[in-house]
Amino acid sequence: MSTFLKIVVAEPSLLLRSGMSYVLRRLTSFDVQVVETGEPELLEKLIDEESPDIVIINPSLADEEMLRRMQQQSLRLIALQSALADARLMQHFDAVVSIYDTAEQIKEKLRSVCRSRSEEIFQEFNTGMEEIIVGVVKGLTNKQIAEYLFISTHTVITHRRNIAAKLQIHSPAGLTIYAIVNKLVELNDVKNTIYNSEGQ
């Protein structure tokens, strides 16, 4: 199954921009939707409208402030380098694609950027969701979990939906097994929860 990616290509040269878009659309193992621009003033508006996964950009089209804002939006940035660029700007990019790279090299750089983003999302997911999983495993209601974490019940329900979709686990019993295997809870905690709920 191919990975779907929405990519914005920002490059002032029509030939380079079109060539990069052509290569991206032909990559196997990726289902790529490409949106192009050659105008720096349209770039941020385009990013807001399209919500891309990756922005491939000629470093000359952006300043440090713009790149910082893109990073804060959790965008993956790839420099499309056709000339020397300022070293300070280059530190904001997750990867660099040269105009001399082969299609295979471009594919590998995309794969690497996607992999690092997945790991980051997984990290964020684990940090934020573990407490909710533990609450479910311990038999707490959505309301009790919300009060304990100082969030709304609606937020807990949304997180539980996301957990189910992400982990493909749709029952408290499945979450219990997941929590034990991943050492989120001790087996004794689960036994005590079962014992307490049966004793009520």
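The values are calculated or read from the model by the stated rules, or taken from the named source; none is laboratory data. Owing to the predicted nature of the structure, the values given are computational and were not obtained by experimental measurement. When we count neighbours, we look across all protein chains shown, and the Cβ atoms used for this are built from the backbone with ideal geometry, even at glycine. Just the protein is used for accessible areas: all its heavy atoms, side chains included, with ligands, DNA and RNA removed. Shrake-Rupley method; radii C 1.70, N 1.55, O 1.52, S 1.80 Å.
Points worth noting:
- Screening S21 on (1) farther than 21 Å from R111 by Cα; (2) without any contact (Cβ under 8 Å) to a residue 24 or more places away in the chain shows it passes everything except condition (1).
- Of the helices (runs of 4 or more DSSP H) lying entirely inside region 137-196, those containing at least 3 residues that are at pLDDT below 85 and surrounded by fewer than 15 Cβ atoms within 10 Å (Cβ to Cβ) span 153-167.
- Residue count for region 95-115, restricted to those that are open to solvent by 70 Å² or more (accessible area, probe 1.4 Å) and closer than 20 Å to R17 by Cβ: 3
- Residue among D53, D48, D31, D63 that alone is touching a residue at least 40 places away in the same chain (Cβ under 8 Å) and either closer than 16 Å to A95 by Cα or surrounded by fewer than 17 Cβ atoms within 10 Å (Cβ to Cβ) (or both): D53
- Selection count, region 73-90, where residues are open to solvent by 40 Å² or more (accessible area, probe 1.4 Å) and under 20 Å from the mean Cα position of the chain (by Cα): 2
- Candidates in region 124-136 are the residues that are under 23 Å from E186 (Cβ atoms) and modelled with pLDDT under 85; of these, the one that is most open to solvent (accessible area, probe 1.4 Å) is T127.
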